[in-house]
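Beneath this line is the structure, given in structure tokens, with notes to follow.
What follows draws every value from the coordinates through simple rules; no lab data is involved. Remember, predicted model here, so these are calculated numbers, not experimental data. Positions of Cβ are generated from backbone atoms using ideal geometry, with glycine treated the same way; all protein chains shown enter the neighbour counts.
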Amino acid sequence: MYQLRQQGSVTVVAPQVAINQGSVDQLRAAVEPRLADRPTFLVFDLSAVPLLDSSALEWILDTQDEALRYGGELKLASPNSLCSDILGLTGVDERVAVHSDTVTAVGSFSR
């Protein structure tokens with residue numbers, strides 16, 4: 001369903017399925033313990049995610065708000081064209097940085 005890996009101080013979460021009402025609770029359960037680390041630096045690698053629904057967008061924004069509250073941040077990486085369109089049309093890409101690949105997203109935390 002997802003892969004979780006640490007790259008330095010950044011946690012990379014790589015879902016392997018559409019993020020929707022049926023999958024978001026499992027992803028939330030995997031990410032919430034990481035939010036206890038202060039500050040929390042997260043990248044959601046969307047390269048294998050075919051679709052985002054409204055529950056996914058809400059989860060992304062909630063995760064960003066929680067990370068920012070404690071001096072961290074969430075960034076998104078590698079969305080496909082449909083997911084990019086969804087992020088853009090809903091304005092999520094104005095609240096959460098979107099990068100073309102995971103390496104760039106992880107590296108952006110060091111700037």
Local net charge near Phe109, Cβ-Cβ under 10 Å (Lys/Arg +1, Asp/Glu -1): +1
Residues Tyr2, Tyr70, sorted so that the one with the fewest Cβ neighbours within 10 Å comes first: Tyr70, Tyr2
Amide N of region 14-42 lying under 18 Å from the label point, which is placed 7 angstrom from the Cα of Ser55 along Cα→Cβ: 15-32
Cα-based radius of gyration of region 13-87 once divided by 2.2 N^0.38 Å, which approximates compact folds: 1.03
Neighbourhood net charge (11 Å Cβ-Cβ; Lys/Arg +1, Asp/Glu -1) for Val12: +2
Radius 13 Å from Cβ of Ala56, net charge of other residues (Lys, Arg +1; Asp, Glu -1): -3
Region 1-95, relative contact order in percent, only Cα pairs under 8 angstrom and at least six apart counted: 28
Stretchable slack from Ala36 to Asp65, in nm (0.36 nm times residue separation minus alpha-carbon distance): 9.1 nm
Ordering of 53-61, 80-88 by packing [mean C-beta count within 10 Å, highest first]: 53-61, 80-88
Mean-position separation - Cα centroids, region 80-111 and region 21-52, in angstrom: 14
